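Read through the structure below, which is laid out as structure tokens, and then see the notes.
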Amino acid sequence: MAQGATQGREPGTPRLSLQGVTKRFTRPGGEQSVALNNISLACEDRTFVAIVGPSGCGKTTLLRVANGLIRPEEGQVRLGGKAPRPGPEAGFVFQSFRLIPWLTVRRNIEFALEELPLSAAERKERALHYLDLVGLARVEGSYPAQLSGGMRQRVALARALAVEPMILLMDEPFASLDAQTRELMQMELMAIWQRNRALVLFVTHSVDEALVLADRVVLMGGGQVLDDIEVPLPRPRFGEEVRASAAFLELRAYLWGRIRDLVLSDPASDFYGRDPAAAQKEASA
Amino acid sequence: MDSRALSERTWLVALARVGFVGLLLLLWWIASLSVSRNLIPAPSETWAAAQRLFAEGRLQSALLESLTIYGSGYGLAILVAIPLGLLMGAVRLLGRVLDIFVYALSATPRVAFIPLIIVLLGLGFEAKTFIVFLGAVMPIIINTYAGVLQADEELVEMARSTGAGRFRIFARIVLPGAMPYVIVGLRLGATIGLINTVVAELYTAVAGLGGLLSIYGNTFRMAEYFVVVLTLAAIGVVVTELLRLVESRLARWKKDL
Ligand SMILES: Nc1ncnc2c1ncn2[C@@H]1O[C@H](COP(=O)(O)OP(=O)(O)OP(=O)(O)O)[C@@H](O)[C@H]1O
Ligand SMILES: [Mg+2]
């Protein structure tokens, strides 16, 4: 997936760059909301970028802009030096799984491979390979309605991975997995990423997950980048030693605090002005 | 649910249906005894009338005549309505321009057009077929159109993200997603088409099952009249059951393992 990664670009230019990008939505009432507010971000090839931030801060919108599903009103987006167009260059794991209900699990994956120069047999083989990777080869003939939520999420993951894209856009891909499956999937994703080294944009609500996986954690709030942190922890980070290390705990406490403040103090937040500490005191009194 | 429980359930439904038919026959029989004999024939009389009509060949020829009209009108309606509904949904401008006319036309009682149709097409096959067509075509257009419009935006965006073009998205996402709606339209169209077959046979040249209805109704031959009514009901059952079969085939993915 990474071969040809630098093709057609000056060496050293980022794989993905956003410059002064603004995206507004008109709510049904006609009221405007700014999902991305003059945001700038550059991501190098072969990096794993986690994006964290409170609900509604524009994370999903950022991913959709990055592969050209939507066009911003202002600013410039470049993916591999060109304006992004949706296609197999990017793999997208959607927050809602978006499986095609009338296709079997395997055919759902093959559907995403149809724009690639593969024969039907190769598509099938690749679909089965990635299904096996997420532990679902045995349900290849089932329909999505027959799977649990966590299984559907893994199918959606396999579908994006199977494309073997140069950039993976993942919108809370592990949110509905149990803790054990989640860690297994994290490890699997790490293994794949270390083999292929695509650029990954990984949206998550879990600070721990961000710190375990990412080279870089981008903190978003109100449609802007508020902080951009290199994660200096040694890999692999799945062991307890890393999670218990001072560097990990410090970063974790810092990000937690920032996000918590954002949720409570941002006038645009759903929980603006609430003081959970006071609420707790009241409850225990 | 496992398939054995499912097939047991199917058997139960079939058995209950047979039981229900028995109940209806019983009620019919009681009604025939209590209401003045001329108005409601006993089941046995009706059966005798059916055998008589069958032996004379009148039932078969009327049935054939009606089915020809029904089939032609309904078939034509399908051929026109599905492509038109799809086109209206796919080309939004076309849909926006046309949909109000389709709704207006479908709200107008079709009987209102019959005099005009007779003037234009006469009393024969063409006029009758057209009356059936006119009844069946509207619900199919409207439901097909609605099916395309309600296409799952999230799935469409997913398909777009894989690089699928407009045509592939339409063929693989929008069209299959619209199928349940199309089937509903087909079912409504089948019912209205059957009604209009009888209406056409009553209002234009009297013929077919509708013709028999009017003959036996006007001469108070109620046993024969009942035979025709039951035949029409049977056609309705067969057609809607066939469509239900198609539907459950198409919707296999909704079923549990
Ligand atoms: N299609 C849309 N129409 C109208 N408003 C939208 C649309 N998509 C996003 N928005 C608005 O843009 C803002 C950012 O939305 P976005 O989905 O990017 O948030 P998010 O960070 O992904 O949130 P979450 O963590 O809850 O998924 C929100 O205020 C949302 O209401
Ligand atoms: Mg989101």
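The values are calculated or read from the model by the stated rules, or taken from the named source; none is laboratory data. Remember, predicted model here, so these are calculated numbers, not experimental data. So basically every Cβ, Gly included, is an ideal-geometry build from the backbone, and we count neighbours across all protein chains shown. For accessibility, only protein heavy atoms count, side chains too; no ligands or nucleic acids. Shrake-Rupley method; radii C 1.70, N 1.55, O 1.52, S 1.80 Å.
Scanning the stretch A:104-119 for residues that are in a helix (DSSP H, G or I) and within 12 Å of another protein chain (Cβ to nearest Cβ) yields A:Val105, A:Arg107, A:Asn108, A:Ile109, A:Glu110, A:Phe111, A:Ala112. Within the stretch B:182-220, being surrounded by fewer than 20 Cβ atoms within 10 Å (Cβ to Cβ) and without any contact (Cβ under 8 Å) to a residue 40 or more places away in the chain holds for B:Leu202, B:Val206, B:Ser214, B:Ile215, B:Gly217, B:Asn218, B:Thr219. Would you check which residues across the stretch A:243-262 are in contact with a Pro (Cβ under 7 Å, 6 or more places away or on another chain) and either within 30 Å of A:Leu184 (Cα to Cα) or open to solvent by 80 Å² or more (accessible area, probe 1.4 Å) (or both) and list them? Once the filter is applied, which keeps residues that are in contact with a Pro (Cβ under 7 Å, 6 or more places away or on another chain) and either within 30 Å of A:Leu184 (Cα to Cα) or open to solvent by 80 Å² or more (accessible area, probe 1.4 Å) (or both), the stretch A:243-262 yields A:Ala247, A:Ile259. Are any of the residues in the stretch B:148-162 among the hydroxyl-bearing types (Ser, Thr, Tyr), assigned to a helix (DSSP H, G or I) and either more than 30 Å from A:Pro88 (Cα to Cα) or not assigned by TED's automatic domain parsing to the domain that holds B:Ala178 (or both)? Looking through the stretch B:148-162, none of the residues is among the hydroxyl-bearing types (Ser, Thr, Tyr), assigned to a helix (DSSP H, G or I) and either more than 30 Å from A:Pro88 (Cα to Cα) or not assigned by TED's automatic domain parsing to the domain that holds B:Ala178 (or both). Does the stretch B:245-253 include one or more residues that are modelled with pLDDT of 85 or more, away from chain A (no Cβ under 14 Å) and out of contact with any Gly (no Cβ under 9 Å at 6 or more places or on another chain)? Taking every residue of the stretch B:245-253 in turn, at least one turns out to be modelled with pLDDT of 85 or more, away from chain A (no Cβ under 14 Å) and out of contact with any Gly (no Cβ under 9 Å at 6 or more places or on another chain).
Restricting attention to the stretch A:54-73, the residues that are away from every other protein chain (no Cβ under 14 Å) and under 25 Å from B:Arg160 (Cβ atoms) add up to 8. Only a single criterion out of (1) within 16 Å of ligand 2 (Cβ to nearest atom); (2) within 14 Å of chain B (Cβ to nearest Cβ); (3) surrounded by fewer than 22 Cβ atoms within 10 Å (Cβ to Cβ) is not satisfied by A:Ser142, namely (1).
Looking at the stretch A:120-164, which of its residues are aromatic (Phe, Trp, Tyr) and assigned to a helix (DSSP H, G or I)? Selection gives A:Tyr130 alone.
Mind listing just one residue for me: the one in the stretch A:74-93 that is in contact with a helix residue (DSSP H, G or I) (Cβ under 6 Å, 6 or more places away or on another chain) and open to solvent by less than 10 Å² (accessible area, probe 1.4 Å) and, of those, farthest from the other protein chains (Cβ to nearest Cβ)? The extreme case among them is A:Val93.
The set of residues in the stretch A:245-284 that are of a type in the set (Ser, Thr, Tyr) and modelled with pLDDT under 85 comprises A:Ser265, A:Ser269, A:Tyr272, A:Ser284. Among the residues of the stretch B:163-176, the one identified as open to solvent by 20 Å² or more (accessible area, probe 1.4 Å), within 8 Å of another protein chain (Cβ to nearest Cβ) and touching a residue at least 12 places away in the same chain (Cβ under 8 Å) is B:Arg172.
Any residue at all in the stretch B:129-136 that's more than 15 Å from B:Ile195 (Cα to Cα) and open to solvent by 50 Å² or more (accessible area, probe 1.4 Å)? No, that holds for no residue.
Just the residues that are within 16 Å of ligand 2 (Cβ to nearest atom) and not in a loop (DSSP other than H, G, I, E, B), please, taken from the stretch A:169-181. Across the stretch A:169-181, the qualifying residues are A:Leu169, A:Met170, A:Asp171. Within the stretch A:13-24, the set of residues being assigned to a strand (DSSP E or B) and either among the polar types (S, T, N, Q) or open to solvent by less than 60 Å² (accessible area, probe 1.4 Å) (or both) comprises A:Leu16, A:Ser17, A:Leu18, A:Gln19, A:Gly20, A:Val21, A:Thr22, A:Lys23. Taking A:Arg159 as the residue in question, decide whether it is within 13 Å of another protein chain (Cβ to nearest Cβ), without any contact (Cβ under 8 Å) to a residue 24 or more places away in the chain and more than 20 Å from A:Arg15 (Cα to Cα). So A:Arg159 does not fit the description; no. Of all residues in the stretch A:38-56, those that are away from ligand 2 (no atom under 13 Å from the Cβ) and surrounded by fewer than 18 Cβ atoms within 10 Å (Cβ to Cβ) total 5. Looking only at residues of the stretch B:221-244 that are in contact (Cβ under 8 Å) with a residue 12 or more places away in the chain and of a type in the set (Gly, Ala, Ser), we find that the one that is farthest from the other protein chains (Cβ to nearest Cβ) is B:Ala223. Where helices (runs of 4 or more DSSP H) fall wholly inside the stretch B:1-120, the ranges with 1 or more residues that are closer than 23 Å to B:Val184 by Cβ and open to solvent by less than 50 Å² (accessible area, probe 1.4 Å) are B:58-90, B:92-107. Scanning the stretch A:11-37 for residues that are in contact with a Ser or Thr (Cβ under 9 Å, 6 or more places away or on another chain) and of a type in the set (Ser, Thr, Tyr), we see that the one that is nearest to ligand 2 (Cβ to nearest atom) is A:Ser33.
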